[in-house]
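Each value in this text was obtained by applying a stated rule to the coordinates, not by laboratory testing. Remember, it's a predicted structure, so these values are computed and weren't measured experimentally. Cβ sites come from the backbone with ideal geometry, for glycine too, and all protein chains shown count toward neighbours.
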Amino acid sequence: MAQERDVQGKVSIPAKKRRREAEQECLEEQVEAKKSKGRATSSGKSKGSKVKESKKKSCFRRFFFKLFLWLLLIAIILVALLFLWQKFSQIEVEKKYALVSQELQRCSELTTVKITYSDIVTLKKSAVMGMAKSYSIVKFSGVIRCGIENLGDSRMYIDEGGKGIVLRIPVAKVLGNDIKEISVFDEQQSIFVPITTQEVLEQVELAREETLKKTLDSGILAESEQQARALLTTILSNMGFQRIDIQN
């Protein structure tokens, strides 16, 4: 390359200046090229990072969507099972209602306590200044029965699981006080003061009522209710009930 020289053969100042400027431009171009390369590399890394992040978010979205579907499916299955269980339980409860009602109707009158008793009644009569006398000694026996008059009047509640029952039964009462036998133990009759059969029966009736009163005072009805609860508890337990509450 030709260089401008002065007359003495030396390089002139303007030529040096232009060379330095050319070198400076070359350096600047090299620096700019390096910067551009760095920006391109950084941009490539940034784009790669964004792609990875986008894929990661997409993966999470798919995971949570599948999880939601599984949870929804499980919830539907649980609701269906619950519905079937309730339907089955309702059928079982209705069956037990029918079974208990049938058993109570079959029992109807429930006698839980029987007391057999016997007594002697003496009836005396006299007349004509004591000259005419009659007497009659009568022996009789009877049975007092206590219990529930009609179990068909009971009310019940069975829980949803069919394992518990609340049964309300009528109160216990005297079901009967029947004379089983009457016999004359000894007697003497006078034609002036005869003792009639009606008089004997009336005396027996008074003795029968007195015996019943004494029996009631002894607490027989409370005992009868206790026996009824025990008997019904055994029956209901054999039917499969685990929680039994019997009330009046």
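Once you reduce region 224-244 and region 159-182 to the center of their Cα atoms, the two points are 11 Å from each other. For Val113, nonlocal amide neighbours, meaning residues 5 or more places apart or on other chains whose placed amide H falls under 5 Å from its own, are Cys146.
Under 8 Å for C-alpha pairs, at least 6 residues apart: give me the relative contact order for region 153-222, rounded to a whole percent.
Values: 27 pairs, mean separation 18.2, N = 70.
26 percent.
Couplings for region 219-225, taken from phi via the Karplus curve 6.51 cos²θ - 1.76 cosθ + 1.60 with θ = phi - 60°, read x, 5, 5, 5, 5, 5, 5 Hz in order; Gly and Pro are left as x. Residue pairs exceeding 26 angstrom between C-alpha atoms, taken from Lys173/Lys214; Lys124/Lys180; Lys114/Lys139; Lys139/Lys214; Lys125/Lys173; Lys114/Lys214: Lys125/Lys173. Taking a virtual spin label 7 Å from the Cα of Val193 along the C-beta vector, which residues in region 108-142 bring their backbone nitrogen under 20 Å of it? 121-138, by backbone N distance to the label point. Listed by chain and number, the aspartates and glutamates whose C-alpha is less than 20 Å from the C-alpha of Lys95, apart from same-chain residues fewer than 8 away, are Glu103, Asp153, Asp159, Glu160, Asp245.
In this rough spin-label picture, where each label sits 7 Å from Cα along the Cβ direction, the Ala132-Lys173 distance is 4.7 nm.
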